[in-house]
Amino acid sequence: MFYACVRRICRLCSFLIEYAVYLFRPETKLSINVKTANPAFFNTNDTPGLEDLFVRLFPRGVQEKSSQADKFTAHIFNLLGSGDRKLSKEGVSYQPIDWHLDFKSGYRWNKNTFFRFIRYRRLKGVDIKVPWELSRFQHLIILGQAYLITKDNRYADEFRNQITDWTENNRVGFGVNWACTMDVAIRAANWLVALEYFKDSGSLDADFCQIFYSSLYDHAVFIRHHLECGPPKTNHYLSDITGLFFISLYCPFFKESESWKEFCRGELEREIIHQVYEDGCSFEASTSYHRLALELFFYSALLAQRSGISFSPAYQARLKKMFEFSLYCIKPNGKIPQIGDNDNGRFLIFSHRAVLDQTYLLSLAAIFFKDADFKLERFPFDEEAFWVFGREGYDAWEQITCRTTELTSKAFPNAGWYIMRHKDDYCFISCGPNGQDGNGGHAHNDKLSFELMMGGEDIIVDPGTYVYTPYPEDRQQFRSTCYHNTICIENREQNDY
């Protein structure tokens with residue numbers, strides 16, 4: 001008891017010292033031209049007429065992008081299944097967004113609260129993931145695509161205004177949007193990728209560049225000093241190092257970028273072995289978190305490749321194994337079985353789709369690995385691959401022949417996931433270990449549970465996840481043994497929560 005009290009006191013003292021450091025830290029001011037950012041993740045100079053190719057391949061795409069971008073410009077968002085909600089007041093000019101609000105419950109976190117003291121787990125009905133999701137800024141890429149297609153400068157102005165608004169209302173280290181390093185990292189990466197679409201817009205003046213890169217530098221320093229190291233290291237840590245890796249490659253002019261780059265590359269090499277089994281499955285025990293981890297590892301590899309950096313053959317081999325699991329996991333209707341937790345988690349979103357639709361991964365894999373095994377006749381060239389690889393990617397896709405053999409049953413023994421398949425009949429059986437090195441994490445009590453599809457129609461499915469923090473009792477029900485398609489004996493749980 002005595003030693004526990006001492007540890008708590010020491011921890012509180014360290015938090016107070018850290019609070020003082022953030023409270024009195026000088027404001028970061030960096031004067032950097034947006035055109036010096038390096039390298040280009042999305043090559044806007046791919047070839048002339050890229051917009052025409054988009055229209056030809058995706059005829060409804062222009063209207064859809066413009067419609068989505070118009071909503072974001074009006075500050076209308078659909079977050080975590082909320083339905084469309086307007087998050088600012090009406091006005092002729094730009095109106096600030098409330099970045100600290102859980103609009104579902106009406107609860108607002110104080111933007112001046114030090115991030116270490118943000119509380120949310122015991123707030124009944126309050127969902128901290130709502131402001132976190134908004135501040136990931138994953139909608140900016142859609143804004144950029146709409147600008148590239150239409151050349152409507154409203155979208156570039158909105159990009160500038162939202163980031164300026166956010167930086168003015170989210171001082172480094174204070175408020176809800178610094179409470180989770182993972183979200184800090186995802187936000188930084190999405191800012192950088194989205195910027196590629198607006199470089200030539202004329203809306204990004206010197207004042208904005210100072211705000212943008214000064215904040216990015218603050219993001220990087222924050223990430224490096226607040227890595228979510230576990231134990232165990234999970235998708236949070238993976239997101240942290242991926243976001244920092246993106247900053248180091250896009251912004252070589254930061255004095256620490258070289259050391260950040262080498263650190264993150266080494267950690268990515270280690271984590272793909274630690275967090276991904278030999279059979280290619282994520283150790284999170286969740287099919288949805290497998291997708292998140294795959295995006296993080298894949299986009300890191302792709303950005304590195306475009307920067308003249310290579311990962312080891314072991315990294316590349318494990319990455320391909322991850323795609324192979326997705327190939328077999330995706331059901332005949334293009335969706336995945338929902339095993340374990342699912343919070344819609346993505347890294348970079350180049351097109352909106354149903355939550356369980358992961359067919360875009362197959363287009364990415366076919367082009368990246370130049371492998372016909374990933375090109376299935378039933379799933380055409382995906383829009384996400386268009387935005388990631390451009391015209392060259394589409395030309396490469398056209399040169400790849402479709403897979404000649406049908407997908408068959410497949411075992412993934414390390415994860416304990418088994419897939420039985422014959423044409424449009426499909427069964428996914430879950431009987432693996434608890435996730436995250438036995439910690440549980442995003443696993444459910446679903447051993448021997450299954451999803452069944454017959455003739456392309458779902459017959460038996462997993463009930464899902466519910467929500468993470470607002471209603472803990474209901475969340476536990478959705479994780480419980482009795483909520484899954486398996487045997488429950490005397491109402492006992494397979495594992496502790």
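The values are calculated or read from the model by the stated rules, or taken from the named source; none is laboratory data. All of these numbers come straight from a predicted model, not from anything done at the bench. Here the Cβ positions follow ideal geometry from the backbone for every residue, glycine too, while neighbour counts run over all protein chains shown. When the accessible area is computed, the model is the full protein with side chains, heavy atoms only, and any ligands, DNA or RNA have been set aside. Shrake-Rupley method; radii C 1.70, N 1.55, O 1.52, S 1.80 Å.
Using the 1.4 Å probe convention, the accessible area of the chain works out to 43 Å² per residue with neighbouring protein chains retained. About its Cα centre, the dipole of the stretch 132-213 is roughly 160 debye, where the only charges are +1 on Lys and Arg Cβ and -1 on Asp and Glu Cβ. Listed by chain and number, the lysines whose alpha-carbon sits under 24 Å from that of Lys124, ignoring those within fewer than 8 places in the same chain, are Lys86, Lys104, Lys111. Stokes-Einstein, applied to the Kirkwood radius of the stretch 44-199 over Cα pairs at a viscosity of 0.692 mPa s and 37 °C, places its translational diffusion at 197 µm² s⁻¹. Built from the Cα atoms of the stretch 372-497, the convex hull projects on average onto 10.7 nm², one quarter of its surface area. When only the Cβ of Lys, Arg, Asp and Glu is charged (+1, +1, -1, -1), the dipole of the stretch 187-283 relative to its Cα centre reaches about 120 debye.
Of the GluC sites (Glu not before Pro) found in the stretch 78-166, those that fall in a DSSP loop while having at most 11 other beta-carbon atoms within 10 Å are Glu90. Could you tell me which of Leu79, Phe159, Ser105 has its Cα farthest along the dipole of the stretch 59-189 towards the positive end, charges placed at Cβ (Lys, Arg +1; Asp, Glu -1), taken about the Cα centre? Among Leu79, Phe159, Ser105, the one farthest towards the positive end of the dipole of the stretch 59-189 is Ser105. Among the GluC sites (Glu not before Pro) in the stretch 388-475, those located in a DSSP loop and surrounded by at most 16 other Cβ atoms within 10 Å of their own Cβ are Glu406.
Computed in the context of the full set of protein chains, the accessible area of the chain at 1.4 Å probe radius has 52% of its extent on carbon or sulfur. The alpha carbon centroids of the stretch 252-326 and the stretch 174-198 are separated by 19 Å. Taking a ≥ b ≥ c as the square roots of the eigenvalues of the Cα gyration tensor of the stretch 192-297, is the shape rounded (a/c under 1.5), prolate (a/b larger than b/c) or oblate? Since a/c reaches 1.5 and a/b is larger than b/c, the shape of the stretch 192-297 is classed as prolate. Applying a threshold of 26 Å to the alpha-carbon distances of Lys71/Lys129; Lys71/Lys261; Lys375/Lys410 flags Lys71/Lys261 as lying beyond it.
With 0.36 nm allotted per residue and the present C-alpha distance subtracted, the Glu490-Asp52 stretch has 151.4 nm of extension available. In loop segments of the stretch 263-356 as defined by DSSP, the GluC sites (Glu not before Pro) with at most 14 further C-beta atoms inside 10 Å of their C-beta are Glu278.
Let me know the charge dipole size of the stretch 86-223 about its Cα centre in debye, to the nearest 20, where only the beta-carbon of Lys, Arg (+1) and Asp, Glu (-1) is charged. Computed charge dipole of the stretch 86-223: roughly 820 debye. Divide the volume of the convex hull around the Cα atoms of the chain by the residue count and you get 158 Å³ per residue.
Partners of Lys447 within straight-line reach, counting aspartates and glutamates whose Cα lies under 17 Å from its Cα and excluding those fewer than 8 residues away in the same chain: Glu284, Asp341, Asp437, Asp462, Glu490, Glu493, Asp496.
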